[in-house]
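Each value in this text was obtained by applying a stated rule to the coordinates, not by laboratory testing. These numbers come from a predicted model, not from an experiment. Heads up, the Cβs are rebuilt from the backbone with ideal geometry, glycines too, and the neighbour counts pull from every protein chain shown.
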Amino acid sequence: MFSAPHASSNPRARQFAGAYHQVGVQTMVAGASAHGLVALLFDGFMAAVHRAKGAIRQGDTAGKGQAISHAVRIIDEGLKAALDLKAGGKLAADLSDLYAYVCVRLIQANLNSDEAALDECMALVSPLRDAWQAIGNTSNASAQN
């Protein structure tokens with residue numbers, strides 16, 4: 001019956017919501033294991049791509065650009081930068097190539113407001129995210145036994 005005003009309709013509310021979210025993210029990062037940090041990167045990537053898709057649908061060019069830039073930074077400066085190409089061998093090299101491709105497709109999605117390219121990026125990263133999560137679940141179960 002009654003609803004609170006939408007955060008985007010009030011710049012001050014949006015500012016407080018952003019600050020609250022930032023504190024939550026900082027808290028999660030501070031308490032996360034190395035494995036957990038990578039999981040947060042995967043989750044952040046997915047959230048950024050979802051925001052970009054929403055911005056495309058709303059015609060929000062600035063929001064689309066910010067969300068896609070965030071997704072590119074997560075891939076390039078987070079996931080790709082964390083790879084050890086010497087110790088990781090072919091797997092690390094293949095992941096590096098995949099991450100480079102995802103970044104190219106994200107940039108193309110930004111230039112063309114292409115939701116299909118964003119869907120492709122999520123489809124490429126989702127199996128990695130799922131596998132990473134499964135590894136964490138297996139590690140946690142082993143540690144508890």
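Using the Cβ-Cβ distance between LEU91 and SER33 with R0 set to 30 Å, the FRET efficiency works out to roughly 0.90.
In the neighborhood of PHE42, defined by Cβ-to-Cβ distances under 11 Å, what is the net charge if each Lys or Arg adds +1 and each Asp or Glu adds -1? It works out to a net charge of -1.
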